[in-house]
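What follows is a single structure, and I will ask about it in a moment.
The values are calculated or read from the model by the stated rules, or taken from the named source; none is laboratory data. This one's a predicted model, so the numbers in the text were calculated from it and none came from an experiment. No Cβ is skipped: glycine too gets one built from the backbone with ideal geometry, and neighbour counts run over all protein chains shown. Heads up: the accessible areas ignore ligands, DNA and RNA and are worked out on the full protein's heavy atoms, side chains in. Shrake-Rupley method; radii C 1.70, N 1.55, O 1.52, S 1.80 Å.
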Amino acid sequence: MRIRLALHWQMMIALLLALACGLGLQRLGVEHPAAQAAALQALQIVGALFLRALKMIVLPLVMTSLVCGMAGLGTAGKFGRVGLKTFAYYLATTTIAVTSGLVLVNVMRPGVGAEMPLPDQPPTISAPQTISELVVRIVPENVFQAMAQFDMLGAIFFALVFGLTLNFVAAGTRERLLPVVAAVLEVMMRITHVIILFAPLGVFALVSGLVAETGWAALRPLIPYALTVAAGLATHYFVSLPVLLALFVRVNPYRVMRAMSAALITAFSTASSSATLPLTMERAQQRVGVSNRVASFVLPLGATINMDGTALYECVAVIFLAQVLGVELSAVQQVTVFVGAVLISIGAAGIPHAGLVMMTIILSAVGLPVESAAMIWAVDRVLDMCRTSTNVWSDVTGSLIIAASEGEWDRSVLERPAERT
Ligand code: ASP
């Protein structure tokens, strides 16, 4: 008899097993360090294979998808409208997220009176780019270099321009080229689908390795801070974004969440919006019913510039550090933190720890020591996992709201009974 378990259950079970296995491995390390090392190595190989497969597919998938989406656009006016709605959505939800963070950190005051030693070996926090550099980088100097260096913004820009320009070349050229790109896209989607079959295994390997290697001692003094970030993220995840979905799309938001669970749990496990993108795109189209055109524009761009979870986290973290250092931030400084958090969430790359590294921009803007960011390093991974999942959930919510408003959402796809994959 074959047991057919829906993918969201497989993913949940993988997460729970990973937690149990990680804790078991921690114990094993005490008595049998060699056995623990061997098990960790095996998990690391499986986790790395999963991550690499996702990254392998991201660029070809995003680029072909964008070209097809833009080429089917017809008129530039329609592109302008979708673009405007997308940016309005990004800005609105990021602002809601930062506001929740700001309120919570000022009410919970997790840093007041906290004794926080600097870590023995503070991680090197490299100087981030300035905002103007980020703007200039949207246009890649060399598209192949942009792709090779995983510069998503540059690659997205080129694919957008290419796809849009296809609307203005001779019909013959378009008819020769577009079917080829569409065929490549179909193959990429198929590969993504196969990778999704391995997602429970990949998630299990990534999370159990992480749990096994995480020591509790370093985390303890940071618990009030971590809880504040988690409370903010949970509010945004389970209340603010679902309310928007219910209001603008009139759909049960938790049904959408369930349909997207493979992507949301993968985002949690990998802490990378960019690596999760293939799953986000596949699920949004195949399980939620968002059109290719909207999904291929809103999701890749969102993975790069729409990061509600990161923005909320930036705001809480900077104010927490100020509280720890005993610095009372003035109203103007709090506004600087607010605006800085929004800008940084736009500029941060969709990779692990990007938010922490970029935080140095806000710290120096409000006159706090840049090195103080090292104090929260110990809990950054787990918070990164939570904020990345929030980032991806906001992208999905946006794609659905925009698709529905454009008449490009196929509700029947979401209402199909859950399938095994
Ligand atoms: N890891 C996050 C992401 O990929 C970015 C961050 O560090 O906040 O979305």
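Taking the options L118, L134, L104, name whichever one is modelled with pLDDT of 90 or more, out of contact with any Lys or Arg (no Cβ under 8 Å at 6 or more places or on another chain) and either open to solvent by 50 Å² or more (accessible area, probe 1.4 Å) or of a type outside the set (D, E, K, R) (or both). It would help to see each step written out before you state the result.
Details: L118 fails: modelled with pLDDT of 90 or more; L134 fails: modelled with pLDDT of 90 or more.
Testing whether each residue is modelled with pLDDT of 90 or more, out of contact with any Lys or Arg (no Cβ under 8 Å at 6 or more places or on another chain) and either open to solvent by 50 Å² or more (accessible area, probe 1.4 Å) or of a type outside the set (D, E, K, R) (or both) leaves just L104.
Kindly list the number of the only condition in (1) surrounded by 19 or more Cβ atoms within 10 Å (Cβ to Cβ); (2) part of a loop (DSSP other than H, G, I, E, B) that fails for S65.
S65 satisfies all of (1) surrounded by 19 or more Cβ atoms within 10 Å (Cβ to Cβ); (2) part of a loop (DSSP other than H, G, I, E, B) except (2).
What number of residues in region 341-352 are within 11 Å of the ligand (Cβ to nearest atom) and open to solvent by 40 Å² or more (accessible area, probe 1.4 Å)?
Residues meeting the conditions: 3.
Report whether or not A322 is of a type in the set (G, A, S), more than 9 Å from the ligand (Cβ to nearest atom) and touching an Asp or Glu at 6+ places or on another chain (Cβ under 8 Å).
On the way: of a type in the set (G, A, S): yes; more than 9 Å from the ligand (Cβ to nearest atom): yes; touching an Asp or Glu at 6+ places or on another chain (Cβ under 8 Å): yes.
Yes: the conditions hold for A322.
Being of a type in the set (V, I, T) and loosely packed, with under 12 Cβ neighbours inside 10 Å is the requirement here; does V82 meet it? Give the steps one after another, and end with the answer.
Working: of a type in the set (V, I, T): yes; loosely packed, with under 12 Cβ neighbours inside 10 Å: no.
Here the answer is no, as V82 does not meet what is asked.
Tell me yes or no: at least one residue of region 306-317 is in a helix (DSSP H, G or I), touching a residue at least 40 places away in the same chain (Cβ under 8 Å) and either farther than 17 Å from H236 by Cβ or open to solvent by 10 Å² or more (accessible area, probe 1.4 Å) (or both).
No, region 306-317 has no match at all.
When residues of region 197-247 are filtered for being among the β-branched types (V, I, T), open to solvent by less than 20 Å² (accessible area, probe 1.4 Å) and under 19 Å from the mean Cα position of the chain (by Cα), how many remain?
We begin by selecting, within region 197-247, every residue among the β-branched types (V, I, T); these are 203, 207, 211, 214, 223, 228-229, 235, 239, 243.
Checking which are open to solvent by less than 20 Å² (accessible area, probe 1.4 Å) leaves us with 203, 207, 228-229.
Next cut, under 19 Å from the mean Cα position of the chain (by Cα) only: 203, 207, 229.
Adding up the residues that qualify gives 3.
So, of the residues in region 323-350 that are touching a helix residue (DSSP H, G or I) at 6+ places or on another chain (Cβ under 6 Å), at pLDDT 85 or above and part of a loop (DSSP other than H, G, I, E, B), which turns out to be farthest from P110 (Cα to Cα)?
Filtering first and then ranking leaves G350.
Let me confirm something: among Q36, Q44, which residue is exposed (fewer than 15 other Cβ atoms within 10 Å of the Cβ) and not hydroxyl-bearing (S, T, Y)? Show your work before the answer.
On the way: Q36 fails: exposed (fewer than 15 other Cβ atoms within 10 Å of the Cβ).
On inspection, the qualifying residue turns out to be Q44.
Determine which member of the set S364, S405, S372, S399 is more than 10 Å from the ligand (Cβ to nearest atom), polar (S, T, N, Q) and without any contact (Cβ under 8 Å) to a residue 12 or more places away in the chain.
Numbers: S405 fails: without any contact (Cβ under 8 Å) to a residue 12 or more places away in the chain; S372 fails: without any contact (Cβ under 8 Å) to a residue 12 or more places away in the chain; S399 fails: without any contact (Cβ under 8 Å) to a residue 12 or more places away in the chain.
Every option except S364 fails the conditions.
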